Structures are given as C-alpha cells and as structure tokens.
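Engineer: Attaching a single structure in structure tokens format; questions to follow.
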Amino acid sequence: MNDLILKKWDSAAHLHNDEDIAAYLDACLQENDAALVAHALRVIAKAKNLPQSDDMPDEDNPALAAFFQVMNSLDIRLCVDHSHV
C-alpha cells in the first residue's frame, strides 16, 4: 500500500504575479476576518520577497480586529480593484 505524503501548503508559492496577489487579497478581504487579512499580508510579503517586518499586523492585532468589527457592523466590505494591477 502506498503511503500518502502531505506537504505543508504555502500560499506564497502560488502567487506568481500582481494579479494573483490581488485576487488572493480580495478573496481574503471578502471573509471580513482580521486574522485572515493579517495572515494574507504576511503571505503576500513573502511572495514578493519582502522582509518580515514588525510593522506587519499580527493575526491577533486588536486594532485590525476592531476595524473589521466596525466594517461588519456598518455592513461595508472592502475589495481589491484588479484593474489597477
């Protein structure tokens, strides 16, 4: 019987150009989840070979979470405009 070998998923490895990045960020924004967006920003930085900075929000960033709570309460959604990529 063959053993199934699983590899750790690396989203950054699948972001090949600015259109991919815009689509990925847009999909994450549609979830209205601060932790997911913070994670997505770190993935995008990795895909673009940018250094990981302390300025990047953590997944448990209270300011970002508060921002998304307000956006949710106002029923406002953010999106990425792919036409400017």
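Engineer: Of (1) in a loop (DSSP other than H, G, I, E, B); (2) among the hydroxyl-bearing types (Ser, Thr, Tyr); (3) modelled with pLDDT of 95 or more, Ser53 satisfies all except one. Which?
Structural biologist: All conditions are met except number (3).
Engineer: Could you give me the residue pairs with C-beta distances under 9 Å whose first residue belongs to segment 13-27 and is under 16 Å from Asn49 (Cα atoms) and surrounded by 19 or more Cβ atoms within 10 Å (Cβ to Cβ), whose second residue is modelled with pLDDT of 95 or more and of a type in the set (Ser, Thr, Tyr) wherever it lies, and which are 6+ apart or on separate chains?
Structural biologist: From segment 13-27, the pairs are Leu15/Tyr24.
The values are calculated or read from the model by the stated rules, or taken from the named source; none is laboratory data. None of the values given here were measured: they were computed from a predicted structure. Backbone-built Cβ (ideal geometry, glycine too); neighbour counts: all protein chains shown.
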